[in-house]
Amino acid sequence: MLRTHKWLPLAAATLLATLVTPIAVAAPAGPLAAGGSNYDFYNLTNGCDREAYGTVDSFDRGRDTITTQLRQMYDAGQRRLRIGIFHQHGPDSGTVMDSSTGDLSPVDRQQLVDLLAAVKSAGFQEIELAFHPQGADDPHNWDAMDDSAYQEDWGVISKLHPLIAAAGIPYRIDLLNEGMPMSNETVLRSYAQRLWSDYTGQFGSDDTVGFSMTVWIADRATQLPAVYGDNPPDLFDVHLYGDSWNGDEYSQFVDADKKMTELGYHQQWIIGETYFDDGTAADGIRRAIADTGRSVRYLTQWPLTRAQKCSDVDQAPPVSYAAFSAAGF
């Protein structure tokens, strides 16, 4: 969410030569796997209002529509999804779920289970679950650590983890959407350090991307050692939204890759968010992959066009994927 491969046998002589002569393997010119969308909203009122249509919180009400949309997205070439868990210390809104007990309600837990079952049934091959605490639960807004809110956030993650792991789909977890701090965000850094320690202490690091990174990624990359210590995840999630202030997707990618390389981080990336069905983004990201050699696993578009007709979301459902498919994503 925007914040302001078949080989042929070699002749014997050639095979012998390959055993003694190293062969340079070219970096991939594109992503390694087909991507898809952030699928968090199945409708919009008046083209902008998403709140009543959360794919988790309103799954029961939108079950038939969501099931149809998942099939349409799959038929459009999408194979991977990113699904947000929006929660708050307050009542359900239709998208944001009540986590006041340190867990979702039994109804909302079952709606998550049912959505993941529908995603699996539609044929999707992989998912990322991203946690989006809202309001007082969102550490982006804190002036100091809030232990009660932290415990609520950690409770939601730790109690939903078994449901996600039992869904039968390869998955990764983003512990806090766009939660990798900038160098001047000391409270957010403390939150991320604590959550990384608690999560990896209980679940390890194999099924998480840690904390996704939004614009000014090169600065955020300087905080990777402070947050992860000597135990970073083996896959990072970065968000690329080109504009006149932050630079285009190509330059953001290249700058982030340069800083991570300088710091010794060579992990694969997921492009977790970028503009919806956008040819400019697709071209810039693909060129950056080729020019840097950074391995990108896949890309999931966010349902907001570059025109930004609404503040956060202006497309639902996110069926079209043509621009990214045409570029090999």
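The values are calculated or read from the model by the stated rules, or taken from the named source; none is laboratory data. In this text the structure is predicted, and so the values were computed from the model without any measurement. Cβ atoms come from the backbone with ideal geometry, glycine included; neighbour counts cover every protein chain shown.
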So residue 266 clears everything in (1) more than 16 Å from residue 218 (Cα to Cα); (2) outside any helix (DSSP H, G or I) except one condition, right? Which one?
-> (1)
Candidate set from the range 87-101 (those that are assigned to a strand (DSSP E or B) and surrounded by fewer than 23 Cβ atoms within 10 Å (Cβ to Cβ)); member that is farthest from the chain's Cα centre (by Cα) = 98
Going through the range 175-188 in order, the residues found to be more than 21 Å from residue 84 (Cα to Cα) and either within 19 Å of the chain's Cα centre (by Cα) or of a type in the set (Phe, Trp, Tyr) (or both) are 182
Top-ranked residue in the range 283-315 [being of a type in the set (D, E, K, R) and part of a helix (DSSP H, G or I); ranked as nearest to residue 237 (Cα to Cα)] | 286
Any hit, the range 206-216, residues being among the hydrophobic types (A, V, I, L, M, F, W, C), surrounded by fewer than 23 Cβ atoms within 10 Å (Cβ to Cβ), more than 18 Å from the chain's Cα centre (by Cα) and not in a strand (DSSP E or B) | no
Quick one: is residue 152 at pLDDT 95 or above, touching a His at 6+ places or on another chain (Cβ under 7 Å), of a type in the set (Asp, Glu) and not in a loop (DSSP other than H, G, I, E, B)?
-> yes
Every residue from the range 222-263 that is on the phi > 0 side of the Ramachandran plot and assigned to a strand (DSSP E or B) | 247
Kindly indicate whether any position in the range 141-149 is under 28 Å from residue 125 (Cα atoms) and in contact with a helix residue (DSSP H, G or I) (Cβ under 7 Å, 6 or more places away or on another chain).
-> no
Take residue 109 and decide whether it is of a type in the set (Lys, Arg) and surrounded by fewer than 22 Cβ atoms within 10 Å (Cβ to Cβ).
-> yes
